[in-house]
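This report refers to the structure that appears directly beneath it.
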């Protein structure tokens, strides 16, 4: 099976490369080809244990997304994110369950609710991958990414309670609201503790490879510890990712560059595998449902009705809550400009499901408490898969067209980002000039004054140019360059902590400084030329 998984990943990467060169959606191309490939005679059934997906595949994907997420942006859009990531999950569960029972009247209400909660959360990887490729503005990506990072926690917590009710067992806490508060609160605390502990250890390792290895362990440890305590493993991973991302500015530049390259590679591998895995399930899901006595036409009809229902409730919820927010803000100034109707339309239409839906559906127990078969289990799995495919193919394929049709743009965010970059550049330029002024005072020699003057001249001549050690490759020039880099980093981090600069802009500027320092170190080691 490992050999087959390896072949799947290699083929998926090749397809993604071809799709990128032709301007297509790599994720959707991989999924479509995998759908067709599932019907090839003799192809093995790639069936992964749900616990493997939730405990091994999901944590690094969520962690990577969270560590790159701007906490300031999350806080700015917290209301919309919580509304979509928590309350809409509950509303979608009820609506999807009702739609399923409408077409399949023999389905038990509890089984329908389990199906509903399995289908309820849009997938983090799907939203981020397809949304980014489709050209979603940054503001919308913030809302969708934030929603996707927390909605799995809401859905999986409710799923655990409903399964416990269906099997006659007891959940950790039988009261659903209390259990949700416990799972969310304890999961978040665990993630924060593990993230801070890992960062504390990393500062003392003084080894980028070891620090990166430690970071790799964080999402798995956070998830497992939280789940062992009956808390939300998903929120633990997200909280740990936020923590590591927030404190990354305090790490050494080698560690930042190495971790950034590592997690980009991990994202690519997992994304391609996930979409290939989804597509390869088609024939086997249909076959197993037929063997269990379900009519394919009836299942397709039910999947279509559920798909329309979840799209409708998302539109109603997004526009309804937006209307309430606008009404409440009429008499007071809003901290964040409300989304336009075009932006609301895109958010309403962007609800693709993914691997979490399939894993949760496959995690439905085989038996209930009295030893009989779990009611409608194959229907739950089949419908969850069919609805997932419908969201990918219908919403995923038409999303770029919708964005272009609505001429979606975010001038306010572009203006905000430009102002933030200008402010950041002014800060590091002023910091550098101040350091050079102090350097002239403490190094009154001719060479010291000349070196400081050369660097200051470069700074004033071109605000956007990162200065390199000027003149001959001397220890004095390199030492001054290192001092400038250190002081500018300190200024950027202080501005981030004082809420003067946005996380995303600070990370962009730090990456430039990191690359500059890598060049300077290569010069100092004799591997390059100044």
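Per the listing 324, 318, the residue uniquely out of contact with any helix residue (DSSP H, G or I) (no Cβ under 6 Å at 6 or more places or on another chain) and assigned by TED's automatic domain parsing to the domain that holds residue 85 is 324. Among the conditions (1) without any contact (Cβ under 8 Å) to a residue 12 or more places away in the chain; (2) assigned to a helix (DSSP H, G or I), residue 202 misses just one, which is (1). Out of curiosity, is residue 184 assigned to a helix (DSSP H, G or I), under 25 Å from residue 70 (Cβ atoms) and assigned by TED's automatic domain parsing to the domain that holds residue 91? For residue 184, the condition - assigned to a helix (DSSP H, G or I), under 25 Å from residue 70 (Cβ atoms) and assigned by TED's automatic domain parsing to the domain that holds residue 91 - is not met. Residues considered: 115, 84, 108, 102. Of these, the only one that is on the phi < 0 side of the Ramachandran plot, buried (at least 20 other Cβ atoms within 10 Å of the Cβ) and over 17 Å from the mean Cα position of the chain (by Cα) is 115. Kindly establish whether residue 310 is in the same structural domain as residue 94 (by TED's automatic domain parsing), closer than 28 Å to residue 29 by Cβ and part of a helix (DSSP H, G or I). When the stated conditions are applied, residue 310 passes them. Report yes if residue 408 is assigned to a helix (DSSP H, G or I) and surrounded by 12 or more Cβ atoms within 10 Å (Cβ to Cβ), otherwise no. Judged against the criteria, residue 408 is not a match. Considering the conditions (1) in a helix (DSSP H, G or I); (2) surrounded by 23 or more Cβ atoms within 10 Å (Cβ to Cβ), residue 323 is excluded by exactly one of them, (2).
Looking at residue 21, is it within 30 Å of residue 241 (Cβ to Cβ) and assigned by TED's automatic domain parsing to the domain that holds residue 323? Judged against the criteria, residue 21 is not a match. So which residues in the stretch 174-188 are surrounded by 15 or more Cβ atoms within 10 Å (Cβ to Cβ) and without any contact (Cβ under 8 Å) to a residue 40 or more places away in the chain? Correct list: 176, 179, 180.
In the stretch 224-304, counting only helices (runs of 4 or more DSSP H) that sit wholly within it, the ones holding 3 or more residues that are surrounded by fewer than 23 Cβ atoms within 10 Å (Cβ to Cβ) and under 24 Å from the mean Cα position of the chain (by Cα) span 233-247, 253-279.
When the residues of the stretch 25-76 are filtered to those that are closer than 24 Å to residue 144 by Cβ and without any contact (Cβ under 8 Å) to a residue 60 or more places away in the chain, the one that is surrounded by the most Cβ atoms within 10 Å (Cβ to Cβ) is 29.
With respect to the conditions (1) in contact (Cβ under 8 Å) with a residue 60 or more places away in the chain; (2) in a helix (DSSP H, G or I); (3) in the same structural domain as residue 164 (by TED's automatic domain parsing); (4) under 26 Å from the mean Cα position of the chain (by Cα), residue 421 falls short on a single one, namely (3). Residue 125 passes every criterion in (1) at pLDDT below 90; (2) surrounded by fewer than 24 Cβ atoms within 10 Å (Cβ to Cβ) apart from (2). When the stretch 9-19 is filtered for residues that are closer than 25 Å to residue 390 by Cβ and within 23 Å of the chain's Cα centre (by Cα), the ones remaining, listed by number, are 12, 15, 16, 19.
Looking only at residues of the stretch 467-496 that are part of a helix (DSSP H, G or I), in contact with a helix residue (DSSP H, G or I) (Cβ under 9 Å, 6 or more places away or on another chain) and farther than 17 Å from residue 426 by Cα, we find that the one that is modelled with the lowest pLDDT is 475. For the stretch 439-449, a residue qualifies if it is surrounded by 13 or more Cβ atoms within 10 Å (Cβ to Cβ) and either modelled with pLDDT under 80 or touching a strand residue (DSSP E or B) at 6+ places or on another chain (Cβ under 8 Å) (or both), and the qualifying residues are 443, 447, 448, 449.
Residues in the stretch 411-422 that are at pLDDT 85 or above and exposed (fewer than 15 other Cβ atoms within 10 Å of the Cβ): 419, 422.
The values are calculated or read from the model by the stated rules, or taken from the named source; none is laboratory data. Only a predicted model underlies this, so the values are computations on that prediction, with no experimental measurement involved. Because the Cβ atoms are built from the backbone with ideal geometry, glycine has one as well, and the counts that use them run over all protein chains shown.
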